[in-house]
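Below you'll find the structure, written out as structure tokens, and then a few comments.
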Amino acid sequence: MSENAEEKQTRNIVIANLSMPDGKNYEIPLVKKTFSSGREGYYAQIPAFIYNNDVYGGQIQVWRKGDTK
């Protein structure tokens with residue numbers, strides 16, 4: 001089933017793919033967010049995941065470049 005252009009524009013989640021040095025991949029969903037700067041983008045808080053017997057966490061933020069609306 002294919003999506004039309006309007007359905008793609010209203011999607012509120014994007015997927016980021018973390019590729020680790022050993023070849024393991026983690027798919028991280030990012031939700032739509034308006035940042036305090038007014039820029040629109042996507043965001044995820046990563047509470048924890050284990051890689052190479054160590055615990056990692058963090059954030060992923062991506063936003064539209066240029067002037068704010």
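Since every read-out is calculated from the coordinates, none of them should be taken as a lab result. Here the structure is a predicted model, which is why all the values come from computation and not from measurement. Positions of Cβ are generated from backbone atoms using ideal geometry, with glycine treated the same way; all protein chains shown enter the neighbour counts.
At a glance:
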| read-out | value |
| --- | --- |
| Prolate/oblate/rounded call for the range 12-63, Cα gyration tensor, a/c under 1.5 rounded | prolate |
| Integer Hz, Karplus 6.51/-1.76/1.60 couplings in order for the range 12-19, x for Gly and Pro | 9, 10, 10, 10, 9, 10, 8, 9 |
| Arg11, Arg64, Arg39 arranged by Cβ crowding within 10 Å, fewest neighbours leading | Arg11, Arg64, Arg39 |
| The range 12-63: relative contact order in percent, alpha carbon pairs under 8 Å with at least 6 residues between | 26 |
